[in-house]
Amino acid sequence: MSSSAEKVLLPESERVETLVANLSGIKARVEAASKQYASGSTPRLVAVSKLKPASDILALYESVSQRHFGENYVQELVEKAGKLPADVQWHFIGSLQTNKCATLAAISNLYAVETVDAVKKAKKLNDARAETMPVLNVFIQVNTSGEESKSGMAPGEEVVETAKYIVESCPRLKLKGLMTIGSIARSNASGEEENADFKTLVEQKKKVEEQVAGAGELELSMGMSEDFAEAIRQGSTNVRIGSVIFGARPPRN
Ligand SMILES: *Cc1c(COP(=O)(O)O)cnc(C)c1O
């Protein structure tokens with residue numbers, strides 16, 4: 001890979017305007033939901049840029065100082081991180097493979113891996129994270145909906161044990177919180193009823209905070225384009241929003 005980064009150019013001005021308007025709109029909605037529901041501060045907004053060009057990211061970086069971006073594919077993240085500014089705060093939110101952990105950990109401005117779902121993956125990340133780099137934030141992904149198509153640990157003892165392992169045995173990692181995706185059916189229903197997946201994540205967080213000494217107060221990464229308001233109502237501190245900002249994604253190939 002050539003690290004002498006090719007220069008990323010801004011998209012045409014019409015695209016910049018669209019992206020800025022979309023991000024401003026969603027920011028206002030996130031803030032409104034936080035004011036309406038939450039006592040604390042506004043959640044971090046992670047702009048999910050998977051399958052979208054680096055030029056889109058640069059537009060939001062430069063025009064509205066967006067810094068947190070989320071990516072699902074390791075190779076795509078490595079390439080984008082190599083050519084975009086070094087103070088972008090990357091979130092890896094894709095399905096985590098053991099054999100990709102070292103590649104991820106080598107990205108110095110990787111802010112968080114949100115999808116840790118096994119002790120051995122935490123260990124790989126910890127072992128690979130250089131002393132010279134900032135400590136890497138991690139979220140444990142919980143499969144709150146129990147769908148086979150979703151990654152993440154089943155709620156329960158394994159989540160607590162994994163949290164304990166990260167806190168006690170991974171000095172190069174910081175347990176930042178828990179993350180879930182939840183079922184689409186439940187996110188579509190939100191607005192009418194309490195989202196049971198988010199509720200489960202809140203319960204898991206309480207358990208970990210109670211049972212793992214030194215875990216401190218944990219974050220909740222939950223809420224996407226269609227269900228962020230309900231996620232904020234239930235205490236989300238990190239919403240991951242893609243299509244509302246960037247438009248529909250092209251198919252992956
Ligand atoms: C793609 C993705 C998102 C963003 O989804 P949108 O519905 O486009 O907002 C959020 N979280 C994860 C884990 C994703 O894979």
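Within the stretch 16-30, can one find any residue that is closer than 22 Å to residue 237 by Cα, aliphatic (A, V, I, L, M), more than 13 Å from the ligand (Cβ to nearest atom) and surrounded by 16 or more Cβ atoms within 10 Å (Cβ to Cβ)? No, that holds for no residue. The residues of the stretch 70-87 that are of a type in the set (A, V, I, L, M) and either touching a residue at least 40 places away in the same chain (Cβ under 8 Å) or within 15 Å of the ligand (Cβ to nearest atom) (or both), listed by number, are 74, 77, 78, 84. All of 100, 50, 83 fail the test of being surrounded by fewer than 21 Cβ atoms within 10 Å (Cβ to Cβ), touching a strand residue (DSSP E or B) at 6+ places or on another chain (Cβ under 7 Å) and of a type in the set (D, E, K, R), apart from 50. Among the residues of the stretch 133-179, the ones that are in contact with a Phe, Trp or Tyr (Cβ under 7 Å, 6 or more places away or on another chain) and surrounded by 20 or more Cβ atoms within 10 Å (Cβ to Cβ) come to 4 in all.
Checked against (1) surrounded by 21 or more Cβ atoms within 10 Å (Cβ to Cβ); (2) within 30 Å of residue 253 (Cβ to Cβ); (3) within 14 Å of the ligand (Cβ to nearest atom); (4) of a type outside the set (Lys, Arg), residue 43 meets all criteria but (2). Among the conditions (1) within 16 Å of the ligand (Cβ to nearest atom); (2) touching a strand residue (DSSP E or B) at 6+ places or on another chain (Cβ under 6 Å), the only one that residue 67 does not satisfy is (1).
Kindly check whether there is at least one residue in the stretch 224-242 that is within 18 Å of residue 158 (Cα to Cα), more than 16 Å from the ligand (Cβ to nearest atom) and not aromatic (Phe, Trp, Tyr). No - not one qualifying residue is present in the stretch 224-242. Pairs are defined by a Cβ separation below 8 Å, a sequence spacing of at least 6 or placement on different chains, a first member in the stretch 224-241 that is touching a residue at least 60 places away in the same chain (Cβ under 8 Å) and of a type in the set (Phe, Trp, Tyr), and a second member that is within 14 Å of the ligand (Cβ to nearest atom) and not in a helix (DSSP H, G or I); the pairs so defined are 228/236; 228/239; 228/241.
Residues of the stretch 88-120 that are away from the ligand (no atom under 16 Å from the Cβ) and farther than 24 Å from residue 224 by Cα: 98, 99, 101, 102, 103, 105, 106, 107, 108, 119, 120.
Each reported figure results from applying straightforward, stated rules to the coordinates on display, with no laboratory input. Since this is a predicted model, take the numbers as computed values, not measurements. Every residue, glycine as well, gets a Cβ built from its backbone with ideal geometry; the counts of neighbours run over all protein chains shown.
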